[in-house]
1. Taking strands (runs of 3 or more DSSP E) that fall entirely within the stretch B:287-360, which contain at least 3 residues that are surrounded by fewer than 20 Cβ atoms within 10 Å (Cβ to Cβ)?
2. I'm trying to understand the selection: among the residues of the stretch A:20-40, which are open to solvent by less than 60 Å² (accessible area, probe 1.4 Å) and either within 9 Å of DNA strand D (Cβ to nearest atom) or within 14 Å of chain B (Cβ to nearest Cβ) (or both)?
3. Can you name the number of the only condition in (1) under 15 Å from B:Ala270 (Cα atoms); (2) in the same structural domain as B:Asn338 (by TED's automatic domain parsing) that B:Arg207 fails?
4. Just to be sure before I move on: is A:Phe28 within 42 Å of the chain's Cα centre (by Cα) and at pLDDT 90 or above in the structure I sent?
5. Answer yes or no as to whether A:Val170 is under 17 Å from A:Ser326 (Cβ atoms), within 14 Å of another protein chain (Cβ to nearest Cβ) and either at pLDDT 90 or above or surrounded by fewer than 21 Cβ atoms within 10 Å (Cβ to Cβ) (or both).
6. Go through the residues of the stretch B:67-80 one by one and say whether even a single one is at pLDDT 85 or above, open to solvent by 30 Å² or more (accessible area, probe 1.4 Å) and within 14 Å of chain A (Cβ to nearest Cβ).
7. Within the stretch B:1-69, considering only helices (runs of 4 or more DSSP H) that don't extend past its boundaries, which have at least 2 residues that are near DNA strand C (Cβ under 9 Å from one of its atoms)?
8. Take the stretch A:253-273 and flag every residue that is modelled with pLDDT of 95 or more and part of a loop (DSSP other than H, G, I, E, B).
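The values are calculated or read from the model by the stated rules, or taken from the named source; none is laboratory data. Predicted model only: the values in this text are computed from it and were never measured. Glycine gets a Cβ as well: all are built from the backbone with ideal geometry, and neighbour counts include every protein chain shown. Ligands, DNA and RNA are excluded from the accessible area calculation, which covers all protein heavy atoms including side chains. Shrake-Rupley method; radii C 1.70, N 1.55, O 1.52, S 1.80 Å.
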There are 2 protein chains.
Amino acid sequence: MIIDKSSPIPQYFQLQTWLMEQIDQGVFRPDDQVPTEKELGQLTGLARATIRQAVGNLVNIGYLVRHRRLGTYVLDRKKENGKRTIIGILIPDIRTGYAPELARGAEDEAARQSHSLILCNTDDSYIMADRHADRLIEAQVSGIIFIPTANPVERNRLFIEKFTKRDIPVVLADRTIPDMAVDHVTTDNFQGALDLTSYLIKMGHRRIAIILNSALSTERERLEGYQAALAQHDIPVDPEIVIAEAGPFSKEHYQEYISSLLERRDRYTAIFAGHDRIAQLIYSAAQELGLDIPGDISLVGYDDLPFTTFSLTTMLQPIYELGRESLKLILSRIRGENGEPRRIVLKSNLVERSSVKALN
Amino acid sequence: MIIDKSSPIPQYFQLQTWLMEQIDQGVFRPDDQVPTEKELGQLTGLARATIRQAVGNLVNIGYLVRHRRLGTYVLDRKKENGKRTIIGILIPDIRTGYAPELARGAEDEAARQSHSLILCNTDDSYIMADRHADRLIEAQVSGIIFIPTANPVERNRLFIEKFTKRDIPVVLADRTIPDMAVDHVTTDNFQGALDLTSYLIKMGHRRIAIILNSALSTERERLEGYQAALAQHDIPVDPEIVIAEAGPFSKEHYQEYISSLLERRDRYTAIFAGHDRIAQLIYSAAQELGLDIPGDISLVGYDDLPFTTFSLTTMLQPIYELGRESLKLILSRIRGENGEPRRIVLKSNLVERSSVKALN
DNA sequence: ATTGTCTATTTGTCTATACAATAATACTGC
DNA sequence: GCAGTATTATTGTATAGACAAATAGACAAT
């Protein structure tokens, strides 16, 4: 029986729940007609007013539509809520690095398709990300673009599950989380780092230092690319000049690593900076020590941020495109496309400027 | 009579409308009890089910709350929707100038108070602003932080009215619109420019060029400050070295003005750049011509953006605070504070670096 | 002073019934 | 064939009445 008359649960509510289950389980499918009020009356033995109360509530929350004389139909929610939605985007800090470019790419595409973007800064901390999460859920976002924080994998996983549990799709931008079935848009960091390191080797450098943040999947991949390039040229890795520490770093942390690295500068001729902002810090630190780049040390970065401080050879990442693609992907999920998690990898390009000296 | 039985308008709907009017007109005020269903029955002569239908609808759309045994009460909508809202922020471009800093200030304060921010880029064009407007209204934003576009006043006015017509409060950030009664958060551009110009004069400069975008209220005020400073020292304004054109400019536009200004460099010893990004372009152009700053030309900017290119003496604007204050102000309006439009003016500070040569 | 019980009131749930409005469909007359 | 008409199923609006559940407040018991 559909209705348990002896239950303390109101009968209209029992009917309402039953109808929702049928819809969710696909017994009544989108655009199908549900039984008429009369038929529901026969099915359940309830009065028409009670049935109207149950159905009315479902109309209110957007499960059903009623048409006079034609009957009551299941609303195609996918179709409805794909129209104009709000999407949350969580980035470390809108003021730094590639965040502005990424946000702009995402926002342009969102605006083009009449969707809106809620901006959240995480400062690379899961605590802040978590605070944003509850707010975003309340604001009824339909999807999330997330740049994982520089915290242990487990923290990021829990954050994402908050959304997936509620059927809110999540796309990871740039950074990924290992062994997690989530959509992901990134650039080919391995290949990029391999190319960049190979370029240094081609320029005659064999002892190449590297400094990066191993809490970030992107930079771990760059480390692998660096190692692969060295291996290809039978150059052993010198662990003394590989600085790959995990953690969300402040400028001061980096500066310490950099100055210790600069003290060992007899061990290398070039530095591979994990991203352009590190390269910038290295440049400043070198200047203070009276060192010339590329005269004394060659330097490459990664990102191609729009600085004007000095002429850095670096790997250009298509960040604007990365933002756009992330948004397109999340929208396709919001529109109901389901299937295997997708991984979109964009190409990077070496930008040769004048921070590398040819040794040969 | 409240109900017209002969009207084709359903009676529950008449009652519903009547109740809404009473609430909107303040007959029933927030947290007041409305008549009980029984009393409404006596007042209208309708059956209780009909009354319940009317009241039920108002409960659904958030006008009323029912409490068993206690009666039905008017919801304090101000209090309710002040809880967690969405606020739109329209800035020229999240990638450039002070936009990231301003957005971060606003977002931090929003997050702190559990509100969310929808980011919109206008590219300083009213056409884009307008497209965002419709979207924001559909997304049911409760307030707008708007940096007016570099378009004629009338365009910005129309944009703002789209919101005010719908009782959505608007706060102008940084730039203002003349003769318009809107809340406004800004820095004291007149005083800042006056101080900055006075500083140049104190350093021995008497012939000071200025280049700025007169489509922006902020830069117009800076021009006035500049003129006031010259007047205070009985220095006549040389119109040949005052470049104050109106319009949204591209980098190329500025570069043209700059090169024509640099051709006339016998007429001045210092340049006041309308904002730091112009100063940056002047610096680059000067370098290309082999000119030294401050050796050949002294230069000051306005904003104190975080560049690292060169050491620019400039006027620090508290942009992060400006974002925060804008958000606080809009929230107070959303919470229902009404009264005269407010104007919050933040102090700027001269940051003395090394782009100005002392001539005395 | 606290706890339990009762009462009155108000909203919550439910039944049974009636007629109105709407629109798809079948039918009728030309 | 086609325009107009009648039929009919379905939701929309409305009434009258009943009992259930919750709770403020009064009162009683401990």
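1. The strands (runs of 3 or more DSSP E) meeting that bar are B:343-346, B:349-351.
2. A:Val34, A:Pro35, A:Thr36, A:Glu37, A:Leu40
3. Of (1) under 15 Å from B:Ala270 (Cα atoms); (2) in the same structural domain as B:Asn338 (by TED's automatic domain parsing), only one is false for B:Arg207: (2).
4. It is true that A:Phe28 is within 42 Å of the chain's Cα centre (by Cα) and at pLDDT 90 or above.
5. In short, no.
6. yes
7. The qualifying helices (runs of 4 or more DSSP H) are B:37-44, B:48-60.
8. Within the stretch A:253-273, A:Tyr268, A:Thr269 qualify.
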